[in-house]
1. Go ahead and run the numbers for FRET between residue 223 and residue 129, Cβ-Cβ distance against an R0 of 25 Å, rounding to 0.05.
2. So what is the calculated 222 nm ellipticity per residue for the chain, using -39500 (n - 2.57) for each DSSP H run with n of 4 or more, over all residues, to the nearest 500 deg cm²/dmol?
3. In segment 1-53, which GluC sites (Glu not before Pro) fall in coil by DSSP and have 16 or fewer other Cβ atoms within 10 Å?
4. State, to one decimal in nm, how far the label point of residue 87 lies from the label point of residue 210, with both points 7 Å from Cα in the Cβ direction.
5. Taking only the alpha-carbon atoms of segment 115-228, what semi-axes of the equivalent ellipsoid follow from 5 times the gyration tensor eigenvalues under a square root, in whole Å, largest first?
6. Principal axis extents for the chain, Cα atoms only, whole Å, descending order, please.
7. So, how do all the Cα-to-Cα distances of segment 2-72 break down into 5 Å bins, in percent, from 0 on up?
8. So how many Lys-Lys pairs in the chain land under 22 Å Cα to Cα, not counting same-chain pairs under 8 apart?
Amino acid sequence: MIFLYQFATSPLCEKVRRILNYKQLEFEIHEVPRAKVADYADVSPTGKFPAIRDGEKAVWDSTDIAHHLEAVAPERPLIPSDPRDAAMVHVIEDWADESLYFYEITMRVAWEHNAPRVAEEFAATMPGATAEAVLPLVTKAAQELTSAQGLGRKPQDQVVRDVERHIAALEGLLGDGDWLVGDSITLADIAVAVEVNALEYAQEGAERLQASPAIAAWRKRVAEVAPD
Ligand SMILES: N[C@@H](CCC(=O)N[C@@H](CS)C(=O)NCC(=O)O)C(=O)O
């Protein structure tokens, strides 16, 4: 049995759930209380989640988890055997995890006009907490994170223009194909789809995504093949 340690509201944790489901692996979810992260240092010494425990082995970081699962459950592959395709999957996954991730955190959680849309979901992971009490805390944490990273210091209209370029790039990558790399689902599709799912919580993200039937159809394909 695999144990997944997660924050339910994290797209990177959604990424791991979808990988596990695509690979048809049994797993049990353990929601990490945000105030007790230090108690989980044995599964995630960085204090970041997702992390998994698979038997004796603990693996943290969604990319390392994806590669671990690919090694132990190669039957339904998500990383292509062709080296160029594998390289492309790696680059696209990194774009999702290290760039798109900060756009979604900025727009979905750090921007005060969008944050109320996610307050209920954050509160649901914190026993006894109300959405009203949770909202200022998660927004402040996201503002500090994105300010330190840099995106949080950009004017909002510039961030939206960046996201428009990212959405156009995603449409360009898809072209007339069904998947981002090759002719079957890969880790790249899952990594990008979870960030797009999170971007949709932001009003500006939802408006731009509504204008793209190709992205909508691709998200539906990902959700069918790799469900949450
Ligand atoms: N590169 C890591 C990033 C994980 C990450 O940043 N997780 C966030 C939730 S989405 C987290 O644990 N944040 C808490 C913190 O930074 O203290 C991965 O892909 O797993």
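Where a number appears in this text, it was derived from the coordinates with a stated rule and is not lab data. Computed from a prediction, not measured in an experiment: that's the story for all the values here. Glycine gets a Cβ as well: all are built from the backbone with ideal geometry, and neighbour counts include every protein chain shown.
1. Between residue 223 and residue 129 the formula returns 0.30.
2. -16500 deg cm²/dmol
3. Filter output for segment 1-53: 26.
4. Computed distance between label sites residue 87 and residue 210 equals 4.1 nm.
5. Here the semi-axes work out to 29, 19, 12 Å.
6. On the principal axes, the chain reaches 47, 44, 28 Å in Cα extent.
7. The percentages, shortest bin first, are 4, 18, 33, 28, 12, 4, 1.
8. 12
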